[in-house]
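The block underneath contains the structure these notes are about, expressed in structure tokens.
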Amino acid sequence: MDRPFPIIDIAVLLTYLSGIVGVGLYFARRNRTAEQYTTAERSFPGWAVGMSMFGSYISSISFLANPGKAFSDNWCAAGFTLATPIGLIIATRWFCGFYRATGTVSAYDHLEKRFGGWARTYAVVCYLLLQMGRMGMITFLLAKAVVPLISAGSPPPWLLPAIIMAIGALMTLYTLAGGIQAVVWTGVVQSVVLIAGPLICIVVLIVGMPGGLPNLVRVANEHGKFGFGPFDGSLVYQTFWLVVINAIIEHMRNWGVDQSYVQRYISARSEAETRKSIWIAGLLYMPVGFFFFFIGSALFAFYHAQPNLLPAAIDAAKDPDAVFPYFITHQLPIGLSGLVIAGIFAASMDTNLNSMATLTLYDIYKRYVRPAAGDREALHVLHVGTLFWGVACIGFALLMTLKIGPTIDFGWKVGGLLGGGILGLFLLGLLTRAGSAAAAIGVITGVVIILWMTLSKMPIWPTALSRWVSPFHDLTIPVVGTVAVVLVGGLASMITRGDKRLHTDPPAGL
């Protein structure tokens, strides 16, 4: 039986959202220069930056896609969470000090000094497209969680796109108004809310499960929902070790070369505060990350024991991402549903729009259009850039409404397509003395391999080339792409002399 219209839940959610937008509008009056808008004049305490980065790492992809993955499969994907300390060590040991020493806001400025302007532009374009895809997936998942709150039964087809546009507009508004200060301080508030959300769900699942926690664990375990396997060395299907290898690459990219994190490293008041922020973010992320996998396993046991509670309209086999939103809106007590959905908003609204606008200004506008742009003009570009990328992310989210299946799998494909080449280029500069020409050869090779591994599995691949479809799992894409850039670029540097004018030694600290 459907519950009455959830006025209390909607009131809780609207109160939270009003507060978030209010924070953005409050900081709007403090942003009079591009430096204030992008780094808050490097004044943040480490604990605030750390909680903000934690909130960014726990997106709606974690909040909704990971429970969906554990519900339909097991905890194999949690290998990503287990590998987190590797990223933290790399970030604190090599990257945070280097970026603060450069004095530049862009994470990709030094690539131009190392390899030439093409390398900087390539990394920026890939980052912008990657974040557009990530923000689009986050918005899509968030909208799916809101739909059951508003519509009982089968929702009209226009409702999901309408909610996507409303959520995207809201995320764009507070980032547009408040800049990096809104991103960081709302991230602090959001971190508290998104920790509370999964804890509430776990308690309700245990209390509502016949036989309580022991029976929940028994049922989930009997169906393999707590397993991490398979543990073999296959590259064709998902295994624990393949997840871990992919995770190492992704953590290196996130903590080491991702503009949204680099920008926060720079915005902290000192290098010591930056290092503190990294460990705060990572050590908060790990336990909370496992909460979501436990929720997925618990949801399986909950509905396996009480199948009548899950309506036929929810096809868990085809769309496991839909199970958790249904639980939130139908099994949680009135009032708590709104609070948990506020937690999903908290996991989603720590946007990367500010970092995308920052790159638009420094790496595109000032690099190619007007290098001498003043503060007023720069602020205008930052505002336009935030608005442009906000609309682009909404468009990607609307595109995702055509997709069926676990969103996390789609995320792996997008991340592999756009992320592997960026990290490979950074590592090539770190590990070799390759010049511009050798780096270009490595990147072109890596991109070609990444495109083949991605596109050959899509419907657009020509039937005549069916023999040349990649047999490898999507998790291998960023790994193979990164390794290809480094190996081919390194070999090319041994047989070419490089461009002496562009070539320099690897930056100090890297």
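Summary of computed values
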quantity: Loop-located chymotrypsin sites (Phe, Trp or Tyr not before Pro) in region 146-185 whose Cβ has at most 11 other Cβ within 10 Å (DSSP); calculated: TRP158
quantity: Potential extension, HIS223-ILE364 segment - 0.36 nm per residue separation minus Cα distance; calculated: 45.6 nm
quantity: Using a Förster distance of 35 Å, the FRET efficiency for LEU213-SER18 (Cβ separation, nearest 0.05); calculated: 0.40
quantity: Environment charge at ALA378 (Cβ cut-off 12 Å; Lys +1, Arg +1, Asp -1, Glu -1); calculated: +1
quantity: Under-17-angstrom lysine pairs by C-alpha in region 7-406, whenever the two are 8 or more apart or on separate chains; calculated: 8
quantity: Taking all pairs of distinct alpha-carbon atoms in region 139-248, Kirkwood radius in angstrom; calculated: 18.4
quantity: Charge-dipole axis of the chain as Lys and Arg at +1 and Asp and Glu at -1 on Cβ define it, positive-most pick from LEU487, VAL391, VAL12; calculated: LEU487
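Since every read-out is calculated from the coordinates, none of them should be taken as a lab result. Because the structure is a prediction, the values reported are computed rather than measured. Backbone-built Cβ (ideal geometry, glycine too); neighbour counts: all protein chains shown.
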